1. Apply the Kirkwood formula to region 283-438: the hydrodynamic radius equals the inverse of the mean of 1/r over all pairs of different alpha-carbon atoms; give it in Å with one decimal.
2. Averaging the inverse of every distinct alpha carbon separation and then flipping it gives the Kirkwood radius. What is it for region 292-361, in angstrom units?
3. Per residue of region 325-334, what does 6.51 cos²θ - 1.76 cosθ + 1.60 with θ = phi - 60° give for ³J(HN,Hα)? Whole Hz please, x for Gly and Pro, Karplus curve as stated.
4. Between Asp430 and Val384, what FRET efficiency follows from the Cβ-Cβ distance if R0 is 22 Å, with the result rounded to 0.05?
5. How high is the FRET efficiency between Val13 and Glu187 when r is their beta carbon distance and R₀ equals 45 Å, given to the nearest 0.05?
6. What is the set of long-range amide H partners of Ser222 at a cut-off below 5 Å, with H atoms built 1.01 Å from backbone N?
7. Quick one, can you get me the convex hull of the C-alpha atoms of region 41-121 expressed as volume per residue in Å³?
8. Dipole of region 1-114, Cα-centred, from +1 at each Lys and Arg C-beta and -1 at each Asp and Glu C-beta, to the nearest 20 debye?
Amino acid sequence: MASKKREIQLQAVINNQSLWDEMMQNKGLTVIDVYQAWCGPCKAMQTLFRKLKNELNEDELLHFAVAEADSIMTLQPFRDKCEPVFLFSVNGTIVAKIQGANAPLVNQKILTLVDEERKIAAGEMVRPQYHEIVFVDSDSEDTGELSHETVDQIYTIVIIKPDAVAARKVQEIKEKIIKAGFVIEAEDKKPLTEEQVKHFYSKIVDQPDFEDFVSFMTRNLSYILVVSQGKEKQSSWDESEVNSETESKEPWDDQQEMAKSSRMKERKSLQQYLEIQQISQFCDVEENITNTKFIDVLIPDFKKIRGVKFEKILALLRPALFNERTEDVLNKIQDEGFKILLQRQIVLSEEEAKTLCKEYENKDYFGNVIESMTSGPSLALVLVRENGLAYWKQLIGPSSVEEAKEYIPESLCAQFAIEGLPINQLYGSDSLEAAEREIQYFFPPQHTVALIKPHVTQEQREDIMKVIKDTGFDITQMKEILLTEEEAEKIYFKIKRKAFYKDVLGVLAESSHRYRGYLLLNVCFANIFNLCLSFLIHKMGMLIGPTSLVLL
């Protein structure tokens, strides 16, 4: 109980603008941990702060606080950010900012500023003229002022049609949208329901062939994107823009400068851009949407997922840790809110070990590290969590055990250190791009085929699709077909010689007359030794019967 009281006293809790304004009246140094509501303060740094508080013994000079960015107007530019942020206030002036849980850097900054305050109090130095840090959203335009959102965000909905999905155009379209400076806020891949199609295409509902169009849009997969307008200038794809590289280098006069500035601020709509790129025939676009209820029809819970980034990363337990404390590590990972999507044992080659341990290649112990990494199996994991990349980096701590024990003893690096091995026994991807490459390398995707029988209702079909996606599978393609007897034999060849086989065919033929037919799914998932496939069959068996999903 005493330790809990002490922890509360260590950092003042600032969760509204009034408390923030009051805190800024503090004399001396205040170290502020700015956090997001979804994750809470940076627990890994609290041990360091407590250590400094006790060692420096400056209750009147050194203060610590945690401030929730979501509820304080001054901290609006820090909202929806992945990395922890530490602000340093001296007598109410923010004089420094450090991004990320960089314990040595934070430690040094505190020692430096406290030492300055001591010397100032003793008359040994004059207070420096600090350059106050101005809070500006790094994603906003360079205006030098804090921008406040006073109107609703404007969105565009893009539906990539089923034929374009089948032709594998989705990635190309997404890349071009992003390259043009637009931001994809949310996305989903699924067959649309009749209600969703009629809602989105309400402007053409009176056309004579609309029912056929509805049938086309609901029969196969579509891809839905919710897009917002990025804050970058988009003159790069404006055909009216003059290429300055081909013009003379003479200075612009005021009139020309104003004309250029005006053109730079012009932005084409997403529909216009798709037409210029000659891909508009693959998409249908609805622009200038400010009512998220319209979006919720296509992507339920859009408000909930907006701004939340579920990120997949690769994590690795090095051989010594995997051999000694696997269960403890996995329990800790799950306790911290990560979901373990995939795991597999792998014995690294020397080349693979050198790639993963590149940061240590200039150290004297590099050879011992490589020897340890190739001495037995490592455990590779694919982890997913909200803002998973930054959270995992914060959780595992620094790459050096010595540094972790000194500055962040609560980090996994310090907790799971192995005698005689000076490096962090847990590895994590450096970036999302690296994570994607590493996951593809250690967990190469596999494809299988699933069949849903024709007697399944539309509601059951949607339930099945949800189970497939929630279990971690990705439906890459789907198609409705009417099976012939010869095609059915290829699927049910294991029961072909059974006495009830003809009855099965009879039921299937009868069902096919009453319903549109089988739903053929091309399902993709990484290699996890068929564990998840078996689980999926079991789950789906409760919905559609144990033989309704056929894997080829």
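Since every read-out is calculated from the coordinates, none of them should be taken as a lab result. On a predicted model such as this, the values are computed, not experimentally measured, just so you know. As a convention, Cβ positions derive from the backbone with ideal geometry for all residues, glycine included, and neighbour counts pool all protein chains shown.
1. Hydrodynamic radius (Kirkwood, Cα only) of region 283-438 equals 17.3 Å.
2. Numbers: mean 1/r = 0.0635 Å⁻¹.
The Cα-based Kirkwood calculation yields 15.7 Å.
3. Per residue, the Karplus-derived 3J(HN,Hα) values read 9, 4, 4, 4, 5, 4, 5, 5, 4, 6 Hz.
4. Using R0 = 22 Å, I get an efficiency of 0.80.
5. Numbers: r = 36 Å, r/R0 = 0.81.
It comes to 0.80.
6. Lys190, Leu192
7. Roughly 100 Å³ of hull volume per residue.
8. 320
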